[in-house]
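Read through the structure below, which is laid out as structure tokens, and then see the notes.
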Amino acid sequence: MKVERIRDYKKFKKIRDVWNQALFSSDQNNPFLTHEWLSTWWECFSQGSSLDVLLFKDEVGNVLGMAPIMVQENILRFIASQEVSDYCDVVAEKGREQELYQCLWDYFGTIHPEVDRIDLMNIRSSSPTLDFLPRLASENNYSCSCTEFEVALVLELPSSYQDYQEGLSKKKRHELRRKLKRMGSLEGIRVEKITEAQDLESCIDQFIALHKQGSSSKSKFWEEPNMVEFFHQMAHRFSHRKWIELNVCLYKDRILAALISFNYSDRVYFYNVAFDRNFAWYSPGIYLFNHCIQEAISNGKKVADFLRGREEYKYYFGAEDSKIFRLVLIPEKSRT
């Protein structure tokens, strides 16, 4: 297996199709590892970081996997930040993992002068990264810390909405119906789906304005440098792939709730939600999530992923915890 190291962003931009083709056929496939996501993140948040992407290739040049990594303040990290990237990982073709991770480890050995530690966040429990890197660390004089970092809430979807409702516990089913009934008391409630790039441009700003009203911490989130630009660029690029949709719950042309979702492969990812606090009693967010779950089922989606965080509302829908891990590797020379 050959390793190609990409440190020039212009070169990285040119491999979009090759990157995505390898990702789509892998078990690690998710929107946060697409070239569109990574390139947008880099353009908005990479100040002070050095690109160090790896492509793993067979003898004839076919890409077997990728490592979307960078060096930031002498730490090797995934191209990601905790604020926006829910899942991170190395991409490895099934059946070639052992060879690929050994090549990755050999690469680690070449960067000792510039890297004090390797800090890899938001790795799902099913990832081979959690199997191979700790073992290689123990064999090569590295300390290794693998800790449960957070959870994502994931809902397996049945073939019909009726089956979904019947699969909920009696308590959850009653609670959901009670909240939906409140919204039903408002005449003229409707949900609109926005997917086109031109429409998303203005609607993203409306979403941001609504989200800011939620709390002081949410307002500060949008004050982070280039955060608004990131959402606009990401939405623009994802819209051309038909990966993003903004569902909006309206009452007399007033936005009560808005939900950014990624319609990706056989899953729907519920990325960010905002709602009008003045209508909190009606639970417009719950109403909108339920609508999107119902639509996902009718479209044949297998999973609704609520992503990271243990927010109570996610459990209303029967979503269950899926563990997310952080892996920290420190070479012997760096230990104090």
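What follows draws every value from the coordinates through simple rules; no lab data is involved. Note that the structure is predicted; figures quoted are calculated from it, not measured. Every residue, glycine as well, gets a Cβ built from its backbone with ideal geometry; the counts of neighbours run over all protein chains shown.
Mind putting a number on the dipole of the chain about its Cα centre? Charges go on the C-beta only, +1 for Lys and Arg and -1 for Asp and Glu, and I need it in Debye to the nearest 20. Show your work: numbers first, answer last.
Working: 45 positive and 48 negative charges, 198 e Å.
For the chain, the charge dipole is close to 960 debye.
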Task: Average projected area [Cα convex hull, segment 42-99], square nanometres - done: 5.1 nm²
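With an 8 Å cut-off on Cα pairs and a minimum separation of 6 or more residues, tell me the relative contact order of the chain in percent.
Numbers: 592 pairs, mean separation 75.9, N = 336.
RCO, the chain: 23 percent.
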Task: Per-selection Rg to Rh, segment 158-301 - Cα, Kirkwood hydrodynamic radius - done: 0.98
Task: Helix-only CD estimate at 222 nm, as mean residue ellipticity for the chain, using -39500 (n - 2.57) per DSSP H run (n ≥ 4) - done: -11000 deg cm²/dmol
TODO: Based on the mean of other Cβ atoms within 10 Å per residue, sort peptides 120-128, 65-73, 144-152 so the most packed one is first.
DONE: 65-73, 120-128, 144-152
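Between VAL60 and LYS212, 0.36 nm times their residue separation minus their Cα-Cα distance comes to what?
On the way: separation 152, 0.36 × 152 = 54.72 nm, distance 5.08 nm.
Additional length available on full extension: 49.6 nm.
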TODO: For segment 126-170, go through all pairs of different Cα atoms, get the mean of 1/r, take its inverse, and jot down that Kirkwood value in Å.
DONE: 14.3 Å
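With r defined as the distance between the Cβ atoms of PHE149 and ASN299 and R0 fixed at 35 Å, what FRET efficiency is calculated, to the nearest 0.05? Working shown, then result.
On the way: r = 31 Å, r/R0 = 0.90.
It comes out at approximately 0.65.
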Open item on the list: At 7 Å along Cα-to-Cβ for each site, give me the label-to-label distance between ARG5 and LYS94 in nm.
Closed with: 3.2 nm
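Fewest to most neighbouring Cβ within 10 Å: what's the order for HIS291, HIS236, HIS174?
Working: HIS291 20, HIS236 17, HIS174 11.
In order of increasing Cβ crowding within 10 Å: HIS174, HIS236, HIS291.
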Task: Span from the segment 15-76 Cα centroid across to the segment 212-257 one, whole angstrom - done: 25 Å
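Relative contact order, percent, of segment 158-301 when contacts are C-alpha pairs under 8 Å separated by at least 6 residues? Spell out each step's value before the answer.
Details: 188 pairs, mean separation 40.5, N = 144.
So the answer I get is 28 percent.
Kindly state, as a whole number, the per residue volume in cubic angstrom of the convex hull around the alpha carbon atoms of the chain.
Details: hull volume 49.8 nm³, N = 336.
Per residue, the Cα convex hull of the chain comes to 148 Å³.
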